[in-house]
């Protein structure tokens, strides 16, 4: 049971091979950093570096010191391997050739 001083949020991360979606009960004043640490997701995915990876809530980028609301989904985003615009240009160029 969740009391008035705590709330439940989700922490989500998709690696190249798996997706982790964890529910965690945290203090109502918890920041993104605190929620990520308390969730245990970094132990499951040691490649996560929250000082490098971008973090958001429901698809919107947020600073690590942002506070959350009950039911929020914290998302940890992996760095892109390729620039999407450049990849599209290469595909278009390849299709134009043949």
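When the stretch 64-98 is filtered for residues that are closer than 20 Å to residue 49 by Cβ and surrounded by 10 or more Cβ atoms within 10 Å (Cβ to Cβ), the ones remaining, listed by number, are 64, 66, 74, 75, 76, 77, 78. Selection over the stretch 1-36 of residues that are surrounded by 15 or more Cβ atoms within 10 Å (Cβ to Cβ) and within 15 Å of residue 76 (Cβ to Cβ) gives a count of 14.
Do the conditions hold for residue 47, that is, is it modelled with pLDDT under 95 and surrounded by 10 or more Cβ atoms within 10 Å (Cβ to Cβ)? Considered against the rule, which asks whether it is modelled with pLDDT under 95 and surrounded by 10 or more Cβ atoms within 10 Å (Cβ to Cβ), residue 47 comes out as yes.
Going by the structure shown, is residue 40 without any contact (Cβ under 8 Å) to a residue 24 or more places away in the chain and either in contact with a helix residue (DSSP H, G or I) (Cβ under 9 Å, 6 or more places away or on another chain) or closer than 22 Å to residue 80 by Cα (or both)? The answer is no for residue 40.
The values are calculated or read from the model by the stated rules, or taken from the named source; none is laboratory data. Nothing here was measured: the structure is a model prediction, and the numbers come from that model. When we count neighbours, we look across all protein chains shown, and the Cβ atoms used for this are built from the backbone with ideal geometry, even at glycine.
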